[in-house]
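The values are calculated or read from the model by the stated rules, or taken from the named source; none is laboratory data. Being a predicted model, the structure only gives us computed values, none of them experimental. Because the Cβ atoms are built from the backbone with ideal geometry, glycine has one as well, and the counts that use them run over all protein chains shown.
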Amino acid sequence: MNFDLVINDGTALVFQNGIIVPQKLNIGIKDKKIVAISAQSLIGEANSSKKVISAMHLHILPGVIDSQVHFRDPGFPQKEDLESGSRAAALGGVTSFFEMPNTLPATTTAPFLNDKLSKAANVSHVNFAFFSGGSHQNISQLSRLENTAGSPGIKVFVGSSTGTLLVEDDPSIEKILRSTQRRVVFHSEDENLLKSRKSMVLPTADPRMHSVWRNEETGFRSTARLIKLAQKTGRKIHILHISSMEEMDLIRSAKKLQNLVSCEILPQYLILSAPDCYDRWKTLAQQNPPIRDHRHMKYLWQAVLDKTVDVMGSDHAPHTLAEKNRPYPQSPSGMPMVQTMVPLMLHQVAQQKISLERLVELWCEKPREIFGCKTKGRIEVGLDADFTLVDLKKKKQIQNSWIASKCGWTLFDGYWVQGWVEQTVVMGEVVMESDQVLHGSRGQKVLFS
């Protein structure tokens, strides 16, 4: 066979008998698909390849899926657009992103969704999909929106965050659940509590109050309501960015009763803790839900390791430094993370806090299962040829100058990490190697079953 690409002698993370295992393998790619996997060389008298990657000292991950990013396009070109956001994703080893609907205009209609899909097809360096936003006004359209090719489903903001999307009342949330078939994704904070507690931060201008205002109860109360509605309707839900032990306990208990709830963790909740992060970075560390104290961090790690947590996303949310440096609470919440998520977590592997196999479950296997992107997330013959090739021993310093996002900064500027992305392969094409994006747009829309 004449392959388009062969990856030789890498340690591949493959799904076998229900678990992720490392195996020394050679992988052959043709027409954007994986067509051969062998412990023996694929190059010989009978086989050739247009391009060969020697991966002898590398680990080959299925292409990393970042299932929560905010690329601000359309509406906020000074912060990010689909080209710069996808460039950052490629540099960080992310081969597919699912983008959130709180842009301007919000992604709440078929024309707005199709506009994003069309633009991404022309400019995205990696694969793409776009959530539609659930609102009071578009409930009758949600079934059509969630079944649009290139859509992972519907996202609902139960508590106000960045943007104008908000559905805070139980009757409307129930209507959304009954109007959809696929798993609905939620930003879960109780809006009534957020409103009643905001007065405590207004006189202070102290970002350390962020986790006091948006306390554990705001997430717990909202998620408890969502779980009850899921049980009432029999519909599956996915809770984004769980930040507290109380809320994680609630999800663990719900999972024992019914298979209706899945949840996400962010790397920043596992690496940063309050009040230190606010003392050091002030409003740069501000996001919703907030980074909490070490007691929560320790418990969230436990939930990651015991597999209560299903997926890890970055919640990439770029704002300019001028915006972030406004006095709190006028400063916006969110931080750029799509480019740093993989190296930061590879460093946690080097620190023996988590296994590479577990990360592959969080980034690849579980997003594939939960969202139904069945051609992604595994190294398997017949699936899309997306790979993240990493050097677990390479040490690098994360720097602002490396960041491709238009905002131009990262909270982790100056951090040394062990573990780095060497190459990003999207649909059989090497789109990034040696910290350089090589081509123009190469991504395709992710399809869901």
Answer from Ala149, Ala90 - the residue that is modelled with pLDDT of 95 or more and not in a helix (DSSP H, G or I): Ala149
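Quick grid of which residues meet (1) polar (S, T, N, Q); (2) touching a Pro at 6+ places or on another chain (Cβ under 8 Å); (3) surrounded by 20 or more Cβ atoms within 10 Å (Cβ to Cβ):
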residue	(1), (2), (3)
Ile139	no, no, no
Ser179	yes, no, no
Phe186	no, no, yes
Leu202	no, yes, no
Arg208	no, yes, no
Val212	no, no, no
Ser222	yes, no, yes
Ile227	no, no, yes
Arg235	no, no, no
Candidate set: the stretch 19-31, residues that are farther than 16 Å from Asp9 by Cα and buried (at least 16 other Cβ atoms within 10 Å of the Cβ); chosen: the one farthest from the chain's Cα centre (by Cα): Lys30
Residues that are more than 23 Å from Asp391 (Cα to Cα) and among the aromatic types (Phe, Trp, Tyr), drawn from the stretch 76-109: Phe76, Phe98
Condition met for Leu166 (in contact with a helix residue (DSSP H, G or I) (Cβ under 8 Å, 6 or more places away or on another chain) and assigned to a helix (DSSP H, G or I)): no
Residue match in the stretch 353-366 (condition: polar (S, T, N, Q), over 15 Å from the mean Cα position of the chain (by Cα) and within 30 Å of Gly75 (Cα to Cα)): no
Any hit, the stretch 178-195, residues being farther than 28 Å from Arg72 by Cα and at pLDDT 95 or above: yes
Out of Arg235, Arg280, Arg252, Arg295, sole residue that is among the charged types (D, E, K, R) and assigned to a loop (DSSP other than H, G, I, E, B): Arg235
Check on Thr388, among the β-branched types (Val, Ile, Thr) and in a loop (DSSP other than H, G, I, E, B): no
Residue selected from the stretch 1-34 under the condition small (Gly, Ala, Ser) and farther than 13 Å from Leu61 by Cα, by the criterion modelled with the lowest pLDDT: Gly18
Check on Ile227, within 30 Å of Lys366 (Cβ to Cβ), touching a Leu at 6+ places or on another chain (Cβ under 9 Å) and not in a helix (DSSP H, G or I): no
Thr410 vs. criteria farther than 29 Å from Asn26 by Cβ, part of a loop (DSSP other than H, G, I, E, B) and β-branched (Val, Ile, Thr): yes
All positions within the stretch 396-449 that are within 30 Å of Ala322 (Cα to Cα) and in contact with a Cys (Cβ under 6 Å, 6 or more places away or on another chain): none
Residues within the stretch 299-323 that are assigned to a helix (DSSP H, G or I), touching a residue at least 40 places away in the same chain (Cβ under 8 Å) and within 21 Å of Asp249 (Cβ to Cβ), tallied: 6
Single condition Val381 does not satisfy, out of (1) aliphatic (A, V, I, L, M); (2) surrounded by 18 or more Cβ atoms within 10 Å (Cβ to Cβ); (3) over 17 Å from the mean Cα position of the chain (by Cα): (2)
Candidate set from the stretch 72-113 (those that are touching a Ser or Thr at 6+ places or on another chain (Cβ under 6 Å) and without any contact (Cβ under 8 Å) to a residue 40 or more places away in the chain); member that is nearest to Ala322 (Cα to Cα): Gly75
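Yes/no per residue for (1) in contact (Cβ under 8 Å) with a residue 12 or more places away in the chain; (2) in contact with a Phe, Trp or Tyr (Cβ under 8 Å, 6 or more places away or on another chain); (3) not in a helix (DSSP H, G or I):
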{"residue": "Tyr328", "(1), (2), (3)": "yes, no, yes"}
{"residue": "Ser331", "(1), (2), (3)": "yes, no, yes"}
{"residue": "Gln339", "(1), (2), (3)": "yes, yes, yes"}
{"residue": "Leu344", "(1), (2), (3)": "yes, yes, no"}
{"residue": "Val349", "(1), (2), (3)": "yes, no, no"}
{"residue": "Gln352", "(1), (2), (3)": "no, no, yes"}
{"residue": "Glu357", "(1), (2), (3)": "yes, no, no"}
{"residue": "Glu361", "(1), (2), (3)": "yes, no, no"}
{"residue": "Lys366", "(1), (2), (3)": "yes, no, no"}
Leading residue by the ranking (surrounded by the most Cβ atoms within 10 Å (Cβ to Cβ)) among those in the stretch 244-286 that are touching a strand residue (DSSP E or B) at 6+ places or on another chain (Cβ under 9 Å) and small (Gly, Ala, Ser): Ala285
Residue within the stretch 70-85 that is surrounded by fewer than 24 Cβ atoms within 10 Å (Cβ to Cβ), of a type in the set (Phe, Trp, Tyr) and within 25 Å of Gln137 (Cα to Cα) present: yes
Condition broken by Lys374, with the remaining ones in (1) modelled with pLDDT of 95 or more; (2) outside any helix (DSSP H, G or I) satisfied: (1)
